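A.B. asks: What follows is a single structure, and I will ask about it in a moment.
The values are calculated or read from the model by the stated rules, or taken from the named source; none is laboratory data. Only a predicted model underlies this, so the values are computations on that prediction, with no experimental measurement involved. Positions of Cβ are generated from backbone atoms using ideal geometry, with glycine treated the same way; all protein chains shown enter the neighbour counts.
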Amino acid sequence: MGTTVGNVLISYDVSAKNPEVKVALQALSYYDYFPQDGKNHYLPNTTLWHKTKSSDQAMADMKKICADLKVTLEKAVAVKASEFVGL
């Protein structure tokens with residue numbers, strides 16, 4: 001059970017409408033980049049993160065968005081993220 005609230009990273013595959021899924025997640029304050037050393041580091045296309053969610057909450061958000069958009073959530077993983085390093 002992922003109930004600890006903090007930085008959470010979610011990565012997913014959907015059957016269709018990825019741009020709409022991503023916009024819906026961003027409307028819930030998910031980010032597709034993280035700032036580090038004065039620079040924004042963009043995540044892979046279907047990966048976002050949130051500052052104040054648990055893994056369970058992130059997965060629930062993803063399931064609801066997919067149901068609302070009538071797309072199949074093919075796979076997803078949500079994990080607590082405490083450090084970010086990027087190129």
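A.B. asks: (1) on the phi > 0 side of the Ramachandran plot; (2) surrounded by 11 or more Cβ atoms within 10 Å (Cβ to Cβ); (3) not β-branched (Val, Ile, Thr): which one isn't true of residue 57, the others all being true?
C.D. replies: (1)
A.B. asks: Quick one: is residue 46 closer than 21 Å to residue 70 by Cβ and either surrounded by fewer than 18 Cβ atoms within 10 Å (Cβ to Cβ) or of a type outside the set (Phe, Trp, Tyr) (or both)? So that I can check it myself, show each step before the final result.
C.D. replies: On the way: closer than 21 Å to residue 70 by Cβ: yes; either surrounded by fewer than 18 Cβ atoms within 10 Å (Cβ to Cβ) or of a type outside the set (Phe, Trp, Tyr) (or both): yes.
Spelling it out, residue 46 is indeed closer than 21 Å to residue 70 by Cβ and either surrounded by fewer than 18 Cβ atoms within 10 Å (Cβ to Cβ) or of a type outside the set (Phe, Trp, Tyr) (or both).
A.B. asks: Counting just the residues of region 1-19 that are closer than 16 Å to residue 74 by Cβ and among the polar types (S, T, N, Q), which one comes out surrounded by the fewest Cβ atoms within 10 Å (Cβ to Cβ)?
C.D. replies: 15
A.B. asks: How many residues are closer than 15 Å to residue 22 by Cα, touching a residue at least 12 places away in the same chain (Cβ under 8 Å) and part of a helix (DSSP H, G or I) when one looks only at region 52-78?
C.D. replies: Qualifying residue count for the region: 8.
A.B. asks: Please list, ordered by first then second residue, the pairs with beta carbon atoms under 9 Å, 6 or more apart or interchain, first in region 9-26 and over 20 Å from residue 53 (Cα atoms) and without any contact (Cβ under 8 Å) to a residue 40 or more places away in the chain, second surrounded by fewer than 14 Cβ atoms within 10 Å (Cβ to Cβ) and not acidic (Asp, Glu).
C.D. replies: Pairs found: 18/45.
A.B. asks: So, one more: Tell me which of these residue 21 doesn't satisfy, since it passes every other one: (1) touching a Phe, Trp or Tyr at 6+ places or on another chain (Cβ under 8 Å); (2) part of a strand (DSSP E or B).
C.D. replies: (2)
A.B. asks: Just to be sure I understand, how many residues within region 31-42 are in contact with a strand residue (DSSP E or B) (Cβ under 8 Å, 6 or more places away or on another chain) and either in contact (Cβ under 8 Å) with a residue 40 or more places away in the chain or not in a loop (DSSP other than H, G, I, E, B) (or both)?
C.D. replies: Count: 7.
A.B. asks: Would you point out the residue of region 20-40, among those that are modelled with pLDDT of 95 or more and small (Gly, Ala, Ser), that is surrounded by the fewest Cβ atoms within 10 Å (Cβ to Cβ)?
C.D. replies: Among residues in region 20-40 that are modelled with pLDDT of 95 or more and small (Gly, Ala, Ser), the one surrounded by the fewest Cβ atoms within 10 Å (Cβ to Cβ) is 27.
A.B. asks: Is one or more of the residues making up region 62-74 buried (at least 18 other Cβ atoms within 10 Å of the Cβ) and touching a strand residue (DSSP E or B) at 6+ places or on another chain (Cβ under 6 Å)?
C.D. replies: Yes, because at least one residue in region 62-74 is buried (at least 18 other Cβ atoms within 10 Å of the Cβ) and touching a strand residue (DSSP E or B) at 6+ places or on another chain (Cβ under 6 Å).
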